[in-house]
Structure formats: C-alpha cells, structure tokens
Amino acid sequence: MERIPTSAPYIPELSNNESRPLWSVMIPVYNCAEYIPDVLNSVLAQDPGEDQMQIEVVDDHSTDTDVELLVQELGKGRIGYYRQPVNVGSLRNFETCLKRSTGRLVHLLHGDDRVKPGFYKKIASLFQNYPQAGAAFSSYSFIDEQGATTKIYDPEAEQDGILENWLIRIAERQRIQYAAMVVRREVYEKLGGFYGINYGEDWEMWVRIAKSYPVAYTPEVLAEYRGHLGSLTWEKAVSGKTFTDLLHTINVIQKHIPENHRKEVMYKAKEHCANFLIGMAFNIWKESPNWKCAQNLIRQALLFSKSPYIIGQVIKFYIKTGLKIYKVQQTPTVSPLPL
C-alpha cells in the first residue's frame, strides 16, 4: 500500500443508530511523547462521558516511548489505543483515525496540539445552531514547545455563524489548523479522506469540504497549534520540500473552484505561500540559525511571487537578519503543474 494515497481514501459509512457517540476525538501520534500528556489532559478536562465521546490515540509505530503505557497511565482506561503494525506515514494514519471513528463529529487532534476549555461545548453548539454545516472550527493560537502563546490567528468573522464566500477565501490561503477543525463523519464518508501530499493535504481537504458544504465558525480562541523543531512543518522547511508540496496543493485546489475565479485565486495563493515561506525563513534563522536553509526558503518564496509586497518582505528579511541579499532578478519562473 502506498504511503501517500493518490486519490481520496474511502471512509465506510456507519449505521445511524442512537448508541453512537456524538464525538470522536482521534489523536494521531508519532514520536511526540513529550506533548501527549498536554493533548490528552486538554481533552479529558472536557470529557462528557463515554456514551458521548470516543477518545482514541492512533500511534504510527512510535519509537520514542511506550505510548500505550503512557495512554494507560494518563487515561486510566478511558482512552482507547491503537498501534500501527508498521510506520505507515501521516496520511495513512489519518485514514486509520477516520475509519476507526464511531462518532458523528470527528476531531483529528494531533499529538502535539491541544484544545482550550469549552472547545467541544462550543463546537457542538455551532453544529446544533447551523445544522446545514458540514464542518465547524474555532479561532486558534500558536504555542511554542513550552506551551506559551506566541501568536493568535486573526479571526475570520466577528461573530458565530456560517462563513460567507468561504470557498474562495479558503482557496486563497490556508486559514485553519487541524486542532481547530471538526468535521461531520458523513462528510468524510462522502468526500473521502486526505491524499496527494503530506504537507498541504489539510488545506486541500478544507477546500474540498467548502465546495460541498457550508462551514460554521466561532471567533473564540479555543484551540492551540504547537510549532516546534520536531514538527512536520519544520522538517519540510529544512529539507526544502515545502515549495514543491505547496505548489502541488495550489494546483490541485484549482479544480475545486469556479473557473472564473481561478486566476485571481492562484495569484493570491502564491503570494500567501511566498509570505509564509519568508516567515519560516526568519524562524529558521532565529532558532537555528541556518542561513543556507533560510536563504533557500527566500529563493522558494520568490518562485511563488515577486509582487511588490513580497519584494518588500524579502528586503525586510535581509535587513533584520543581516544576510547577504539574494539577487531577485536572477530568480527563475515556475510554470503551474498540470491539473
């Protein structure tokens, strides 16, 4: 079986009997033992009971600790545990999470993230108040390795409700982290799971959902996304694969949006990706510092966009870091991938 599925994995339907729980909190983990207590405690603090919430850790054959023992010690029998027989990769592990879920609402909560008090109560109320919604999410904050807040993401709306023009807005820029997003299981059953790439696969999924369903939102900051040196985002940035993955995702997203919006969405998506790479370059320079990796990310950013805004951000980067400026005019152009 391929580690990265080339099409959306099939998620089988479950019967609609009344004994099913409302929630499935599925926690995919791989070698993130130091953060698992945080995520599990954040869920257990809001546990409405076994009849209402399935909580399960799905371990992609971790090697850093005995995850099963850790789950038993923290959960005291309340939390389920499943271990992959071999390491299958993030997308196949997410697929396992979705297939093992039994609740009507599925929350994929990564082992290094966490939720704040009131998350499940608030999201449940969104689905109750907006039954047409296929998914719902909250605003969220970024936290560091120690759990301290480093940034709060700008809200998408001023009050609770169905987001307007959401398909175009989410196609232009990745605006959601897994920790903040909850999806009806029946939506995954209809649309399938995550596929195609293991960095940017969530962005494509949220666009795919927005194409078919309204999406509800609350501006309350109820989820926390952790950035750290062991994360997939950091790994991709250091390896230099961020550019190709994001370019692939942008091109796949094009097929989900109306043709008359594609050119504008492509322009904005590339500019946002360029800005993201510049930010990542600065973080790598600040944390490592790895000037070669940082400059490579700047080169990749300029492959995405050379808009006046991006050029200005690049100049700011070099002023702040004191690195020798890369010659913008020598940056090659990149043609879109075929859809």
Mind checking which residues of segment 143-177 are modelled with pLDDT under 95 and of a type in the set (Phe, Trp, Tyr)? TYR153
Given the structure, is TYR120 in a helix (DSSP H, G or I) and of a type outside the set (S, T, N, Q)? yes
(1) farther than 27 Å from GLY147 by Cβ; (2) out of contact with any His (no Cβ under 8 Å at 6 or more places or on another chain) all hold for PRO85 apart from (2)
So for segment 157-167 (the condition being on the phi < 0 side of the Ramachandran plot and under 16 Å from the mean Cα position of the chain (by Cα)), does at least one residue qualify? no
Complete set of residues in segment 117-131 that are farther than 20 Å from LYS190 by Cβ, surrounded by fewer than 16 Cβ atoms within 10 Å (Cβ to Cβ) and not polar (S, T, N, Q): PRO117, GLY118, LYS121
Enumerate the pairs (first residue in segment 118-129 and under 14 Å from PRO219 (Cα atoms); second residue anywhere and surrounded by fewer than 19 Cβ atoms within 10 Å (Cβ to Cβ) and at pLDDT 95 or above) with beta-carbon separation below 7 Å, excluding pairs fewer than 6 apart on the same chain, so at least 6 apart or on different chains. PHE119/GLN46; LYS122/GLU220; LEU126/ASP160
Search segment 66-78 for residues that are surrounded by fewer than 19 Cβ atoms within 10 Å (Cβ to Cβ) and pair each with any residue that is polar (S, T, N, Q) and at pLDDT 95 or above when their beta-carbon atoms are under 9 Å apart and the residues are at least 6 apart or on different chains. LEU74/ASN41
Restricting the first residue to segment 146-159 and requiring it to be touching a residue at least 12 places away in the same chain (Cβ under 8 Å), which pairs with a second residue that is loosely packed, with under 11 Cβ neighbours inside 10 Å meet a Cβ separation below 9 Å and a spacing of at least six or different chains? ALA157/GLU164
Give me a count of the residues in segment 247-298 that are closer than 22 Å to LYS151 by Cβ and either within 20 Å of the chain's Cα centre (by Cα) or part of a helix (DSSP H, G or I) (or both). 23
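The values are calculated or read from the model by the stated rules, or taken from the named source; none is laboratory data. Here the structure is a predicted model, which means the values were calculated and not measured. Glycine also receives a Cβ, built like all others from the backbone with ideal geometry; neighbour counts cover every protein chain displayed.
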